[in-house]
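Notes for the one structure printed next.
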Amino acid sequence: MTLIRANTVFGSAYFRKFYLNAATRVVTPAEMRTRARLIAAILAQASIPVRSILDAGCGIGLLRKPFAEVLPKARYAGLEASEYLCRRYGWTQGSVTDYVPPRPSDLVVCYDVLQYLDDRAAARALSNLSRLTRAAVYVSALTREDWRDNCDRSRTDRSVHLRPGDWYRRRLKRHFNYLGYGVWLRKDVTAILWDMERSKA
């Protein structure tokens with residue numbers, strides 16, 4: 001998705017509907033607190049220190065405060081395609097498909113972004129994740145299976161590209177090993193995991 005199209009699609013009306021209005025929002029602050037705690041716990045269990053976080057497609061920044069609570073020493077930076085949000089919250093404007101950071105972050109979060117990209121752009125974004133992080137990524141995207149079995153369709157944006165979950169996993173496995181619950185670790189980073197903690201998929 002180009003920045004021009006992102007500015008058209010992701011304006012104030014989109015974020016009011018899906019993130020700010022309690023009657024129509026797709027995720028709650030409580031859910032995001034749980035997500036931040038889960039990510040931090042997985043990385044702590046794997047002995048991966050987190051001093052910097054890049055939230056790629058950060059939206060209104062629902063993970064900023066939860067990460068500050070569980071990873072208080074980590075610097076948080078937001079990357080966002082929406083000019084509206086960058087003006088309002090001070091995020092860096094850019095796209096996960098081609099953003100080149102001054103330095104890689106310990107943790108990169110890419111939550112509910114990739115389904116808005118066509119296949120080519122999403123593949124580029126997944127490849128770029130290995131350049132954005134020096135250690136770990138958390139990736140979540142609405143999949144074809146989620147649309148069929150899991151999501152509340154009355155609250156979920158339908159204007160997305162629905163792909164099978166394996167489409168994402170195949171591409172992530174080129175650069176990362178899976179730790180669980182959406183957390184992936186770069187293949188060149190060593191983590192001691194007990195056998196029953198390790199994914200064999």
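Read-outs throughout are calculated quantities, based only on the coordinates presented, and are distinct from any laboratory measurement. The shown structure was predicted, so the numbers you read here are calculated from the model rather than taken from an experiment. Note that we place each Cβ from the backbone using ideal geometry, even for glycine, and neighbour counts take in every protein chain shown.
Looking at residue 160, is it assigned to a loop (DSSP other than H, G, I, E, B), more than 13 Å from the chain's Cα centre (by Cα) and surrounded by 15 or more Cβ atoms within 10 Å (Cβ to Cβ)? Talk me through it step by step, then tell me what you get.
Numbers: assigned to a loop (DSSP other than H, G, I, E, B): yes; more than 13 Å from the chain's Cα centre (by Cα): yes; surrounded by 15 or more Cβ atoms within 10 Å (Cβ to Cβ): yes.
Yes, satisfied.
Just need a number here: residues in region 174-200 that are out of contact with any strand residue (DSSP E or B) (no Cβ under 8 Å at 6 or more places or on another chain) and assigned to a strand (DSSP E or B).
The qualifying residues number 1.
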